[in-house]
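S.K.: After the structure tokens below, expect a handful of questions from me.
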Amino acid sequence: MSIYEEVEFEDLDCDPATQIYTYPCPCGDKFTISLEALWDGEDIATCPSCTLRIEIIYDEEDLPPLRDDDDDDEESEEEEDAKEGEEKKEQEADEGLATITKKSLSVK
């Protein structure tokens, strides 16, 4: 496969929140590559809208460090807490329904 252009790493735009690097494509979209992919040795950025590809020229020692995904851990803890809360509510609702059923059966 052919390469449309060779681009220096320093010329890429970066989204720090996602650690995705982009470069304008002539089709109007953007070539994209993740910092993780660059650390894995990949050097080809693709455009999602066309078949063009660019080669990223970089030295691994010049790459910024990968961000720890502590946010993901916090989200999973929050999700766990939410699930536990939902399970507790369901259990309380089941117990309440059982009590109501028991009372209505004993009234007859």
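S.K.: Is one or more of the residues making up the stretch 68-91 modelled with pLDDT of 75 or more, in a loop (DSSP other than H, G, I, E, B) and open to solvent by 80 Å² or more (accessible area, probe 1.4 Å)?
M.R.: yes
S.K.: Given the structure, is Glu10 surrounded by 10 or more Cβ atoms within 10 Å (Cβ to Cβ), among the charged types (D, E, K, R) and outside any strand (DSSP E or B)?
M.R.: Working: surrounded by 10 or more Cβ atoms within 10 Å (Cβ to Cβ): no; among the charged types (D, E, K, R): yes; outside any strand (DSSP E or B): yes.
No.
S.K.: Ok, one more. Among the residues of the stretch 31-50, what is the count of those that are closer than 17 Å to Glu6 by Cβ and of a type outside the set (Gly, Ala, Ser)?
M.R.: Number satisfying all stated conditions: 9.
S.K.: I've got another one for you. Consider only pairs whose beta carbons are under 8 Å apart and that are at least six residues apart or on different chains; among these, list those whose first residue lies in the stretch 1-14 and is within 13 Å of Tyr58 (Cβ to Cβ) and whose second residue is open to solvent by less than 60 Å² (accessible area, probe 1.4 Å) and assigned to a loop (DSSP other than H, G, I, E, B).
M.R.: Final answer for the pair search is Glu8/Tyr58; Phe9/Tyr58; Phe9/Leu63.
S.K.: Out of everything in the stretch 32-58 that is open to solvent by less than 60 Å² (accessible area, probe 1.4 Å) and assigned to a loop (DSSP other than H, G, I, E, B), what residue ends up being nearest to Thr22 (Cα to Cα)?
M.R.: In this case the residue turns out to be Cys47.
The values are calculated or read from the model by the stated rules, or taken from the named source; none is laboratory data. None of the values given here were measured: they were computed from a predicted structure. Virtual Cβ from ideal backbone geometry, glycine too; neighbours counted across all protein chains shown. Note: accessible area is taken over every heavy atom of the protein model, side chains too, but ligands, DNA and RNA are not part of it. Shrake-Rupley method; radii C 1.70, N 1.55, O 1.52, S 1.80 Å.
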